[in-house]
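Working notes, beginning with the structure itself.
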Amino acid sequence: MSKLDKETRLAVASIISAAVKKVYDVDISNQVNELALKLEIPKELEMNHNIALPCFHLSKSLGSKKPKELKPNDFILKIASDIANEITSFAQQTNDPVVEKAVNEGPYLNIYYRASHLSKVIDQIISGEFLAKRESKNENVMIEYSQPNTHKTFHVGHMRNAALGNSLVLLNEWCGYHVYAVNYIGDVGAHIAKCLWYYLYFEKKTTLEEFLALEVTREQLIEMLENDRPKDIPKVEWLGELYTKGFYELDFNSWTKYPLIGYITAKIVKIEEHPANNKWKVVTVTDGTNKYAVVCGGKDYKEGDIIAYAPVGTKKGARIVTEVDKQGITSYGFILSEQELGSSENKEKIHVFPAEAPVGIELTEYGRNNKDCPLHSNVNLSQEIKKREAQVKTLLRSMEDHQKNIQMLWEITREWSIDDFKEIYKWADCRFDHYFHESDVGDESKQIVLKAYEEGKLIMSDGAIGADLGKLGFCVLLTSAGTGLYATKDLALAKRKFEEFHVDRSVYVVDVSQSLHFQQVFKTLELLGFEQAKKCKHLAYGMVVLPDGKMSSRKGNIIYFSSLKQKLTEKIKSDFMDKYKGEWSDEEIEDSTKKIALSAIKYGMLNQDNNKDIVFDLQEWASKSGNTGPYLMYAYARTRAILKKVGVDESVRIDYSLLTHETERKVLSSLIQYPIVVEKAVDMYKPQIVCIYLYTLCKQFSKMYESVQIKLAETKELQQTRLRLVESFGAVLKHGLSLLGVSTVERM
């Protein structure tokens with residue numbers, strides 16, 4: 001809240017207090033400060049009043065004055081009407097310097113400021129006082145954002161997180177918070193093992209064992225990688241392509257319709273009633289050689305049907321299928337429903353194959369997709385996927401054990417990824433004060449969990465250590481194999497934030513798919529005794545999607561950042577800059593192109609509801625007109641052109657009482673609200689609020705520019721006074737864009 005706003009609110013509250021005394025003979029002067037805080041700015045800038053009081057705030061103090069025949073709601077309407085009439089009369093009689101009039105609208109008391117008072121904002125803007133950083137709130141806020149994974153490509157979807165996080169950093173800092181902007185880079189895990197596995201086994205045509213046996217230096221390994229990578233794309237994009245190809249070579253789902261290892265087709269030979277449960281049947285199935293008894297609660301099957309059967313020893317998810325006593329009958333495996341096989345959503349109906357289906361064949365082979373499967377038809381799918389998955393697991397273990405050659409390969413490619421990320425952040429003008437890495441907290445996180453378990457704060461279930469979080473479920477922190485998970489590392493990361501940086505409020509900017517994860521992490525932190533956990537905030541946001549659906553590194557359908565940058569730059573040059581070749585310097589053209597391109601992508605990402613998915617549309621976002629970043633950039637550049645064309649004359653007397661046109665008043669009314677809008681955006685974690693404000697302000701200014709003369713104004717005084725208004729509008733627009741992470745250009 002600006003100094004001007006504070007003073008204005010107190011003045012309005014005092015006038016309301018005096019009106020209450022005059023009309024109802026009730027003294028509420030001791031409530032002036034409280035009333036000032038309850039005054040509300042218009043919900044939309046297009047509304048004509050400047051501030052309002054919901055009159056139910058007055059009803060308690062005036063309760064004794066309510067006529068018996070009036071209902072409480074009707075009395076509130078009467079209060080609004082009575083006070084509005086009194087304030088308007090007072091303002092007209094005394095020529096009050098702040099309030100021009102008051103109008104009741106339902107239970108609201110809408111206050112209108114005098115133009116001379118609104119105009120005070122101009123001098124405060126031009127002096128810099130109005131836009132100066134707010135007083136320190138003495139609160140440390142850490143905003144963690146971006147969080148890319150190494151060995152994966154940075155794409156257009158990552159820009160939503162980057163734009164959102166960076167803007168929140170800037171907005172919070174301007175509002176007086178001490179902000180740490182941090183990144184948490186995922187530099188370990190299975191995705192890296194898949195990338196490096198593909199590189200070794202498919203690009204180099206070697207094995208992990210052969211690679212580990214090599215006598216090779218770091219320099220030689222770098223040379224080998226440099227020789228192997230294409231030179232026309234960034235290093236991290238090549239690594240991302242290796243990951244995508246590696247995923248495809250491990251994607252059992254694309255190889256077969258039924259990616260269920262060990263499951264087979266079986267024939268029902270007998271169906272009997274269960275002796276203890278009439279909802280179950282005892283079904284005897286055969287694989288062509290052996291027979292098995294299965295207790296089944298499904299429906300719509302008969303003797304002779306060929307069904308999908310999961311034998312003992314196979315897996316259902318992470319659980320091993322075992323013999324189970326079903327009320328006195330031992331069930332050997334289970335028969336799959338249509339839902340379990342993926343043929344429909346029906347979880348009771350048993351899936352039945354065509355009568356000609358072979359019996360005893362693996363489902364993986366029966367459902368084999370010869371068109372998309374990369375393997376020769378004589379290669380058994382189940383055996384091959386087991387072999388490949390074992391290779392990846394072995395490689396991952398060698399990474400965790402820091403075996404020399406694989407450690408060097410990881411370090412080099414990790415460094416490539418992080419260096420490329422930092423180049424992207426430099427271009428996108430995203431600031432980070434500190435980088436956390438997932439590899440830094442792995443061992444530490446396990447120790448935290450083990451200590452908490454010893455202290456009785458965590459429990460063990462099926463060999464895994466975790467937290468029983470009630471409705472949030474059981475949060476596994478250490479698997480039965482002793483492996484830590486993402487939640488485990490987030491505990492150690494939070495501990496570092498609290499203890500090393502003394503964070504009061506910790507914000508995690510992460511997509512909405514991780515909502516349950518963070519609910520569990522924050523609740524677990526509370527269980528471990530971290531009071532700051534109550535001030536942890538997961539800022540969820542929707543995905544960036546293409547018109548045909550979600551982007552995914554695994555699917556290989558993402559728009560790489562390099563491609564985004566190239567296409568955006570080309571469009572901005574073509575639409576805005578090419579006409580200035582030869583007139584502007586190459587440096588100015590390049591600088592302006594970058595700034596306008598960033599305005600398109602950042603504003604496009606921020607001018608959205610955080611909770612909704614964005615359909616990415618480069619053509620629309622980079623448009624010269626409409627609700628776009630380039631349009632706002634042009635609006636600012638136009639103010640610079642007006643100021644240059646007309647010229648500020650310091651010798652001319654400025655008279656703000658001349659600004660009487662309704663469009664001038666509208667612009668002034670919006671300018672005065674700017675600090676409150678920014679504070680609201682911070683409180684709600686929504687930069688979109690600033691976007692809406694700036695676009696509306698630009699439309700109001702455009703309407704004013706069309707409605708009144710500036711250079712050809714009736715008098716020199718009016719010309720120069722209006723010029724100050726133009727300068728003020730430009731200053732607020734520039735400042736607002738800067739809080740969105742956008743730098744303006746002086747001409748377009």
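The values are calculated or read from the model by the stated rules, or taken from the named source; none is laboratory data. Bear in mind that the values here come from a model prediction, so they are computed numbers and not experimental data. Using ideal geometry, Cβ is built from the backbone for each residue, glycine included, and neighbour counts are taken over all protein chains shown. Calculation scope for accessible area: heavy atoms of the full protein, side chains included, ligands and nucleic acids excluded. Shrake-Rupley method; radii C 1.70, N 1.55, O 1.52, S 1.80 Å.
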| query | What number of residues in segment 293-323 are assigned to a strand (DSSP E or B) and open to solvent by 60 Å² or more (accessible area, probe 1.4 Å)? | reply | 6
| note | Note on segment 509-545: residues among the aliphatic types (A, V, I, L, M), over 28 Å from ILE558 (Cβ atoms) and under 21 Å from the mean Cα position of the chain (by Cα) are ALA533
| Are any of the residues in segment 52-62 under 22 Å from ILE672 (Cβ atoms) and either touching a residue at least 60 places away in the same chain (Cβ under 8 Å) or among the small types (Gly, Ala, Ser) (or both)? | yes
| said: With the requirement that a residue be closer than 15 Å to LYS571 by Cα and touching a residue at least 60 places away in the same chain (Cβ under 8 Å), what does segment 584-615 give you? | reply: ASP591, SER592, LYS594, LYS595, ILE596, LEU598, SER599, ILE601
| message | Looking at segment 543-571 only, could you name the residues that are in a helix (DSSP H, G or I), touching a residue at least 12 places away in the same chain (Cβ under 8 Å) and either open to solvent by less than 70 Å² (accessible area, probe 1.4 Å) or in contact with a Lys or Arg (Cβ under 6 Å, 6 or more places away or on another chain) (or both)? | response | PHE561, SER562, LEU564, LEU568, THR569, LYS571
| List pairs: first in segment 415-429 and assigned to a helix (DSSP H, G or I), second of a type in the set (D, E, K, R), Cβ under 6 Å, 6+ apart or cross-chain? | TRP416/LYS235; ASP420/LYS235
| Counting residues that are open to solvent by 50 Å² or more (accessible area, probe 1.4 Å), more than 25 Å from ASP419 (Cβ to Cβ) and touching a residue at least 12 places away in the same chain (Cβ under 8 Å), which helices (runs of 4 or more DSSP H) fully inside segment 176-287 reach at least 1? | 208-212, 235-249
| Hey, SER116 hits all of (1) surrounded by fewer than 18 Cβ atoms within 10 Å (Cβ to Cβ); (2) of a type in the set (Gly, Ala, Ser); (3) within 41 Å of the chain's Cα centre (by Cα) but one; which does it fall short on? | (3)
| request: Test ILE385 against the stated conditions and say whether it is under 24 Å from ILE192 (Cα atoms) and at pLDDT 95 or above. | output: no
| query | Is it the case that segment 235-253 has a residue that's at pLDDT 95 or above, within 38 Å of the chain's Cα centre (by Cα) and over 30 Å from LYS386 (Cβ atoms)? | reply | no
| query | Has segment 676-699 got at least one residue that is touching a Cys at 6+ places or on another chain (Cβ under 6 Å) and among the hydrophobic types (A, V, I, L, M, F, W, C)? | reply | yes
| field | All strands (runs of 3 or more DSSP E) inside segment 83-157 with 1 or more residues being more than 29 Å from TYR541 (Cα to Cα), touching a residue at least 12 places away in the same chain (Cβ under 8 Å) and of a type in the set (Gly, Ala, Ser) | value | 99-105
| said: Considering only segment 145-154, I want to know if a residue exists there that is in contact with a helix residue (DSSP H, G or I) (Cβ under 7 Å, 6 or more places away or on another chain), at pLDDT 95 or above and among the small types (Gly, Ala, Ser). | reply: yes
| field | Given (1) small (Gly, Ala, Ser); (2) touching a residue at least 40 places away in the same chain (Cβ under 8 Å); (3) touching a Cys at 6+ places or on another chain (Cβ under 6 Å), index of the condition SER439 fails | value | (3)
| When MET633 is evaluated against the numbered criteria (1) of a type outside the set (Val, Ile, Thr); (2) surrounded by fewer than 19 Cβ atoms within 10 Å (Cβ to Cβ); (3) closer than 17 Å to VAL726 by Cα, which criterion, by number, is the only one it fails? | (2)
| note | Of the residues in segment 343-373 that are among the acidic types (Asp, Glu) and within 41 Å of the chain's Cα centre (by Cα), the one that is farthest from TRP255 (Cα to Cα) is GLU348
| said: For the list (1) under 30 Å from ASN290 (Cβ atoms); (2) open to solvent by 80 Å² or more (accessible area, probe 1.4 Å), I need the number of the one condition that LYS349 fails. | reply: (2)
| query | Hey, does segment 18-29 have a residue that's surrounded by 16 or more Cβ atoms within 10 Å (Cβ to Cβ), part of a helix (DSSP H, G or I) and out of contact with any Asp or Glu (no Cβ under 9 Å at 6 or more places or on another chain)? | reply | no
| said: Scan segment 41-63 and tell me whether some residue there is open to solvent by 10 Å² or more (accessible area, probe 1.4 Å), part of a helix (DSSP H, G or I) and within 27 Å of GLU129 (Cα to Cα). | reply: no
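Give segment 406-431 a look and list any residue that's surrounded by 20 or more Cβ atoms within 10 Å (Cβ to Cβ), closer than 18 Å to PRO234 by Cα and not charged (D, E, K, R), or say none.
LEU409, TRP410, THR413, TRP416, SER417, PHE421, ILE424, ALA428
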| task | Sort through ILE122, ILE76 and tell me the only one that's touching a Lys or Arg at 6+ places or on another chain (Cβ under 6 Å) and either open to solvent by 10 Å² or more (accessible area, probe 1.4 Å) or over 19 Å from LEU739 (Cβ atoms) (or both). | result | ILE122
